[in-house]
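Undergrad: Attaching a single structure in structure tokens format; questions to follow.
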Amino acid sequence: MNKLRYLIAFITAKLSVIALRLTGHPGTNLPGQLALRICPDFLGRIPKPARIIAVTGTNGKTTLTNLLCDLLEQTGEKVVSNRYGSNLASGIVTALLSGCPLPGRQSATVGVIEIDERSAPRVFPRMTPQLLVITNLFRDSIMRNAHPAYIADLLSRYIPASVKLIVNADDLISCRVAPQCEREYFGIGPMPGDVIECVNLINDMRICPVCHGTLRYDYRRYHHIGRAVCTSCGFSSPDCDYAGSEVDFDKMTMRISDKGGSAVYTLLNDSVFNCYNLLCAVAVMRSLGFDHGQISELASRCSIVATRHESIKAGDITLVMQMAKEKNALACSRAFDYVAGREGEKEIVLMMNCLGDVKHWSENVSWLYDCDFEFLARPDIRCIVATGARALDYRLRLLLAGVEEEKIICVEDEMEAVSRLPFVKGDQVYLFYGTDSLVFAQKVRSRIEELAREAAEK
Amino acid sequence: MKVEILFPEVANLYGDLMNPEYLRRSCPDIELIGTSLRDRPLFADEEPSLIYMGSVTEEGITLAVEALTPYRERLAELIDSGRLFLITGNALDIFGEDISADSGWTQQCLGLFPTHAKYKMMDRYNALYVGSFGDMDIVGFKSLFGHSFGSVEPLFRTLRGDGLNENEKGEGIRKNRFMATYVTGPLLILNPPFTKWLLAEMGAADCTLAFEDAAMELYRQRVSQFKDPSTGIVYH
């Protein structure tokens, strides 16, 4: 009966893929939803590639998944991945289906699967990856993920003991997840710009996880990321199996070393987050047996997906599309910090509004007060346009962050709001948008490009 | 004026530390004093103008209970004598009898109030909140693993949303000037009239709130939106 149910689910899901393709829909989720509805155990039953590399964590999952797919595909592997779809069970099923020509056959050799960190109870009993990368654990949506210790506890309870972990030694929350599992650590040694005391509002590792004494950081990159020692019991951050060093943003290079050697890699871009993504990808590839020379060459042909960070010349300005997930204080803080560090005058548009919540409820805004808007209180930021349903919330938060009132432009309608940008020649215009406003952001982008060209012609 | 912040190393979730910070920004005479888990609390030897604690991790609840248990009688004495407390988010549960979660986790708490919290660890409760405090509207959010059950005098009267639990219209706990509420936002930033009242209770009635005009404009917008029957209350 269960086998029959699986077969019906398989055929239905496959037919839905065809129907979606014929009607011009992307179909990255629906086939999996249908399959799981008909056969709740579908994920457990569908044939899987011989090797599955899973990626979870708060930030960097999609970037790392894309990077690993790009690297592995270049080596000739046939990869199935949910890189373009949902990271919930339905998206994973849809991805695995794409590699199955028949109900009992999987043609892909490798699966690179992004897993939503809260989906561990649904995914891990039915799919056991050989390698699981945990990029980091930070605060995310408070409504769904509460706080990182809660997610760490969930992962620890559900990750099977046979899974080998690749974890971030610089993150004392994620690197201690699932003590039942073997693990390798990656981390980046001291970098220019590191601090000792936390300058961020979010700092979720203030006490020793063993004895609850005070942690002393030898260096801290941001939030709780860094290397720490307990002043009471001597507990400390683990040593790295894969160590990043000599990070040079001028030359755009980083050295990555392990017990088998080292190589200098070209960075994907100049954000620290992407240094970790690159390091993490190299750690996975090294763990799979590739040598540094091969990986370095393959990585030099990779780039990060444009939906996260894209720079466009428009009129006399440079428009930078900067994704900063709505309701995610950490992601927005990192994006603000990154932008604050860029040289030159900037004009900012904040539209990380949760469009879904606006329709039926009202967005829980408490994340704004975990988020470091203080990075935007800078003389080289010419103006900040706060827009969308939460425009007044942004205004109050910016004022409390120390942004001068005269720099804040508050207009609810996004299209009208961007017309208030001054478009000064040579400025960088940053459009901050979230995952909820991906499509809408493209419309706003077009409007900004149009306005910038008009301003240049005047 | 001293405001004691209990255990900021674990009780710092959901922007709640901006509550005491907003008081300080509004009234320069306020000194914020953070008490760590291993410190002797300020309230043990002094009577701070306000004792504050905000939303906390589950492990933090255990650690906070351990840290406060030796001072339970002192806390009871301060509550009975009318010292000012503001407790927000799930920190409320620390002052009740106990917490039990469907994951099997249980925690004996301080037992200063006859409430029992029940958590569903995979079924988070997320909602908007509209209530009243005297003639003031109160707005905010709830993002919790559960609710509390027990007979207590509430802090707020609920207009839309749930109180301490789905069947209770009273929200929070009030005894003398001890105030605890599940409402976050941060509460004091989202509710400038309540914040002014609190400052007056602390003896700082003359203070103008930081960016009071912007805060009031936002408050009026939020009250109007949350009271609108077409605005959903419980997220699903």
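Undergrad: Is it true that some residue in the stretch A:15-36 is farther than 30 Å from A:S300 by Cα, small (G, A, S) and without any contact (Cβ under 8 Å) to a residue 12 or more places away in the chain?
TA: yes
Undergrad: If you take the residues of the stretch A:423-440 that are in contact with a helix residue (DSSP H, G or I) (Cβ under 8 Å, 6 or more places away or on another chain) and either of a type in the set (G, A, S) or outside any strand (DSSP E or B) (or both), which of them is nearest to the other protein chains (Cβ to nearest Cβ)?
TA: Checking each candidate, the answer is A:D436.
Undergrad: Next question, about the same structure. Which ones in the stretch A:351-372 are under 25 Å from A:Q442 (Cα atoms), of a type outside the set (V, I, T) and part of a helix (DSSP H, G or I)?
TA: Of everything in the stretch A:351-372, those that are under 25 Å from A:Q442 (Cα atoms), of a type outside the set (V, I, T) and part of a helix (DSSP H, G or I) turn out to be A:L355, A:G356, A:D357, A:K359, A:H360, A:W367, A:L368.
Undergrad: Scan the stretch A:343-355 for residues that are over 20 Å from A:I448 (Cα atoms) and loosely packed, with under 14 Cβ neighbours inside 10 Å and jot them down.
TA: The answer is A:E343, and nothing else.
Undergrad: Out of everything in the stretch A:85-119 that is part of a strand (DSSP E or B) and of a type outside the set (A, V, I, L, M), what residue ends up being surrounded by the fewest Cβ atoms within 10 Å (Cβ to Cβ)?
TA: Selected residue: A:R105.
Undergrad: Take the residues in the stretch A:310-350 that are assigned to a helix (DSSP H, G or I) and of a type in the set (G, A, S); name whichever of them is modelled with the lowest pLDDT.
TA: A:A331
Undergrad: Is there a residue in the stretch A:268-276 that is under 21 Å from A:T135 (Cα atoms), surrounded by 14 or more Cβ atoms within 10 Å (Cβ to Cβ), β-branched (V, I, T) and at pLDDT 95 or above? So that I can check it myself, show each step before the final result.
TA: Here is the first cut: in the stretch A:268-276, the ones under 21 Å from A:T135 (Cα atoms) are A:268-276.
In the following step, the residues that additionally are surrounded by 14 or more Cβ atoms within 10 Å (Cβ to Cβ) were identified as A:268-276.
Then keep just the ones that are β-branched (V, I, T); that gives A:272.
Then drop every residue that is not at pLDDT 95 or above, which leaves none.
For the stretch A:268-276, residues under 21 Å from A:T135 (Cα atoms), surrounded by 14 or more Cβ atoms within 10 Å (Cβ to Cβ), β-branched (V, I, T) and at pLDDT 95 or above: absent.
Undergrad: Residues in the stretch A:208-223: is at least one within 19 Å of the chain's Cα centre (by Cα), more than 14 Å from chain B (Cβ to nearest Cβ) and in a strand (DSSP E or B)? Walk me through how you get there before you give the answer.
TA: Restricting attention to the stretch A:208-223, the residues satisfying the condition of being within 19 Å of the chain's Cα centre (by Cα) are A:221-223.
Remaining after also requiring more than 14 Å from chain B (Cβ to nearest Cβ): A:221-222.
Subset that is in a strand (DSSP E or B): A:221-222.
Within the stretch A:208-223 (the criterion being within 19 Å of the chain's Cα centre (by Cα), more than 14 Å from chain B (Cβ to nearest Cβ) and in a strand (DSSP E or B)), the answer is yes, since at least one residue qualifies.
Undergrad: Does the stretch B:180-198 contain at least one residue that is away from chain A (no Cβ under 14 Å) and part of a strand (DSSP E or B)?
TA: Within the stretch B:180-198, one or more residues are away from chain A (no Cβ under 14 Å) and part of a strand (DSSP E or B).
Undergrad: Show the residue pairs meeting these rules: Cβ distance below 8 Å; 6+ apart or different chains; first residue within the stretch A:389-400 and more than 7 Å from every other protein chain (Cβ to nearest Cβ); second residue assigned to a loop (DSSP other than H, G, I, E, B) and of a type in the set (D, E).
TA: Pairs that qualify, where the first residue is more than 7 Å from every other protein chain (Cβ to nearest Cβ) and the partner is assigned to a loop (DSSP other than H, G, I, E, B) and of a type in the set (D, E), are A:A389/A:E363; A:A389/A:E412; A:R390/A:E363; A:A391/A:E412.
Undergrad: Can you pull out the residues in the stretch A:122-159 that are within 12 Å of chain B (Cβ to nearest Cβ) and aliphatic (A, V, I, L, M)?
TA: Of everything in the stretch A:122-159, those that are within 12 Å of chain B (Cβ to nearest Cβ) and aliphatic (A, V, I, L, M) turn out to be A:I142, A:M143, A:A146, A:A149, A:I151, A:A152, A:L154.
Undergrad: Among (1) within 24 Å of A:C275 (Cα to Cα); (2) assigned by TED's automatic domain parsing to the domain that holds A:K61; (3) part of a loop (DSSP other than H, G, I, E, B), there is one condition A:C181 misses while meeting the rest; what is its number?
TA: (1)
Undergrad: Hey, another quick one. Considering only residues that are part of a helix (DSSP H, G or I), small (G, A, S) and within 24 Å of the chain's Cα centre (by Cα), which ones fall in the stretch A:24-82?
TA: Result: A:G32, single match.
Undergrad: So B:K142 ticks every box in (1) within 14 Å of chain A (Cβ to nearest Cβ); (2) within 14 Å of the chain's Cα centre (by Cα); (3) not in a strand (DSSP E or B) but one. Which box is left unticked?
TA: Among (1) within 14 Å of chain A (Cβ to nearest Cβ); (2) within 14 Å of the chain's Cα centre (by Cα); (3) not in a strand (DSSP E or B), the lone unmet condition for B:K142 is (3).
Undergrad: Given B:R160, B:R177, which one is surrounded by fewer than 23 Cβ atoms within 10 Å (Cβ to Cβ) and within 14 Å of chain A (Cβ to nearest Cβ)?
TA: Being surrounded by fewer than 23 Cβ atoms within 10 Å (Cβ to Cβ) and within 14 Å of chain A (Cβ to nearest Cβ) holds for just one of B:R160, B:R177, which is B:R160.
Undergrad: From the list A:M254, A:M205, exactly one residue is of a type outside the set (S, T, Y), within 30 Å of A:F373 (Cβ to Cβ) and away from chain B (no Cβ under 14 Å). Which is it?
TA: A:M254
For (1) in contact with an Asp or Glu (Cβ under 6 Å, 6 or more places away or on another chain); (2) within 14 Å of another protein chain (Cβ to nearest Cβ); (3) in a loop (DSSP other than H, G, I, E, B), each residue gets a yes or a no:
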site	(1), (2), (3)
B:A11	no, yes, yes
B:T69	no, no, no
B:N90	no, yes, no
B:I99	yes, no, no
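Undergrad: Here's a follow-up. Output the number of the condition that A:C240 fails; it satisfies all remaining conditions of (1) buried (at least 19 other Cβ atoms within 10 Å of the Cβ); (2) assigned to a strand (DSSP E or B); (3) more than 14 Å from chain B (Cβ to nearest Cβ).
TA: (2) is the only condition that A:C240 fails.
Undergrad: List the pairs whose first member sits in the stretch A:355-383 and is in contact (Cβ under 8 Å) with a residue 24 or more places away in the chain and within 11 Å of chain B (Cβ to nearest Cβ), whose second member is part of a helix (DSSP H, G or I) and among the hydroxyl-bearing types (S, T, Y), and whose Cβ atoms are under 6 Å apart, counting only residues at least 6 apart or on separate chains?
TA: Short answer, once both residue conditions are applied: A:C371/A:S333.
The values are calculated or read from the model by the stated rules, or taken from the named source; none is laboratory data. All values reported here derive from a predicted model rather than from experimental measurement. With ideal geometry, Cβ positions are generated from the backbone for all residues, glycine too; neighbour counts draw on all protein chains shown.
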